[in-house]
Amino acid sequence: MTAIGRMVRRGLGAIAATLSVLLAGAAAAADAPLVAAAADLRFALAEIAERFRRDTGAAVRLVFGSSGNFARQIRQGAPFALFLAADEAYVLDLARDGFTRDEGTLYAIGRLVLMVPNGSPLALDGTLEDLARAVRDGRLRRFAIANPEHAPYGKRAEEVLRHKGILEAIRPFLVYGENVAQAAQFAASGNAEGGIVAYSLALSPQLESLAGHALIPAAWHAPLRQRMVRLRGARPSADRFYGYLQEEPARAILRRYGFVLPGEPATE
């Protein structure tokens with residue numbers, strides 16, 4: 001074989017090896033299950049997915065949004081493998097109508113906080129006494145919650161405001177996030193004087209430096225029972241992540257982000 005022939009052969013071999021690696025990566029990405037997750041999980045689940053990748057070598061693809069919107073998309077044929085809802089009612093309804101393998105499992109109970117950005121005129125008060133005064137004395141211009149039409153954290157925020165007796169008075173000042181993560185961004189950025197958002201988001205390093213938070217009594221609203229489920233057609237790669245979410249490494253991360261875990265007591 002001539003020198004040129006050997007060079008061509010080596011070049012073709014290198015190209016074949018590169019294509020093999022690229023095709024293997026594409027196959028792995030295609031096999032990575034698509035996970036629809038409630039927006040309150042934005043930081044916690046991203047951390048869990050990275051830990052899962054380190055522990056197992058497998059990957060998942062995460063999409064975050066409101067539980068109500070995801071439930072509608074699943075009914076319309078969206079190709080999700082797993083659904084982690086912020087309100088178990090969405091999962092149980094999908095299970096009843098045959099869109100899931102089973103009724104799934106409870107993975108966490110969420111908490112609400114009052115979030116107040118640095119420099120806000122509102123006091124950090126989980127009993128919302130100062131918020132009620134601010135509605136009356138003109139300090140409040142905008143107050144953020146998630147859209148209650150399809151976001152469980154928005155529904156529960158309305159319940160809190162109703163419990164406090166200020167829901168109707170504060171309505172003209174409400175700004176709605178498409179989901180609770182967007183509502184938290186409104187509050188933390190100072191685009192609102194405050195908001196009622198997920199504890200898990202308030203604890204994230206990305207937002208904790210921008211805003212303070214105070215827990216709202218859990219008795220002021222219906223529990224945020226968060227349930228996950230495998231959709232029909234989910235492959236073994238989805239089963240693997242579903243199981244991992246119930247193991248201690250994942251539970252420890254959820255616990256650190258303020259979630260109450262099944263079988264563990266809540267703390268005020």
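The values are calculated or read from the model by the stated rules, or taken from the named source; none is laboratory data. Please read all numbers here as calculations on a predicted model, not as lab measurements. Please note: Cβ atoms are built from the backbone with ideal geometry, for glycine as well, and neighbour counts cover all protein chains shown.
Scanning region 135-171 for residues that are assigned to a loop (DSSP other than H, G, I, E, B) and either outside the structural domain of A187 (by TED's automatic domain parsing) or in contact (Cβ under 8 Å) with a residue 60 or more places away in the chain (or both) turns up N147, E149, H150, A151.
Put simply, of F83, F52 the only residue that is in contact with a helix residue (DSSP H, G or I) (Cβ under 8 Å, 6 or more places away or on another chain), of a type in the set (A, V, I, L, M, F, W, C) and within 14 Å of Q226 (Cβ to Cβ) is F83. Applying the condition of being out of contact with any helix residue (DSSP H, G or I) (no Cβ under 8 Å at 6 or more places or on another chain) and in contact (Cβ under 8 Å) with a residue 12 or more places away in the chain to region 242-255 and asking which residue is nearest to F83 (Cα to Cα) yields Y242. If the condition is being of a type in the set (A, V, I, L, M) and closer than 22 Å to L254 by Cβ, then region 63-93 contributes V63, A71, A81, L82, L84, A85, A86, A89, V91, L92. Within the span defined as region 138-147, one or more residues are aliphatic (A, V, I, L, M), over 25 Å from V260 (Cα atoms) and modelled with pLDDT of 95 or more. Restricting attention to region 216-230 and to residues that are of a type in the set (A, V, I, L, M, F, W, C) and out of contact with any strand residue (DSSP E or B) (no Cβ under 6 Å at 6 or more places or on another chain), the residue that is surrounded by the fewest Cβ atoms within 10 Å (Cβ to Cβ) turns out to be A219.
Taking each residue of region 180-206 that is modelled with pLDDT under 95 and looking for partners that are polar (S, T, N, Q) and part of a loop (DSSP other than H, G, I, E, B) with beta-carbon atoms closer than 9 Å, six or more apart or interchain, yields G190/N118; G190/S120. Within region 89-98, does at least one residue satisfy the condition of being at negative phi, modelled with pLDDT under 95 and not β-branched (V, I, T)? No - not one qualifying residue is present in region 89-98.
Just the residues that are within 19 Å of the chain's Cα centre (by Cα), crowded, with 18+ Cβ neighbours inside 10 Å and closer than 21 Å to E159 by Cα, please, taken from region 186-215. Answer for region 186-215, where residues must be within 19 Å of the chain's Cα centre (by Cα), crowded, with 18+ Cβ neighbours inside 10 Å and closer than 21 Å to E159 by Cα: F186, A187, G195, I196, V197, A198, Y199, S200, L201, A202, H213.
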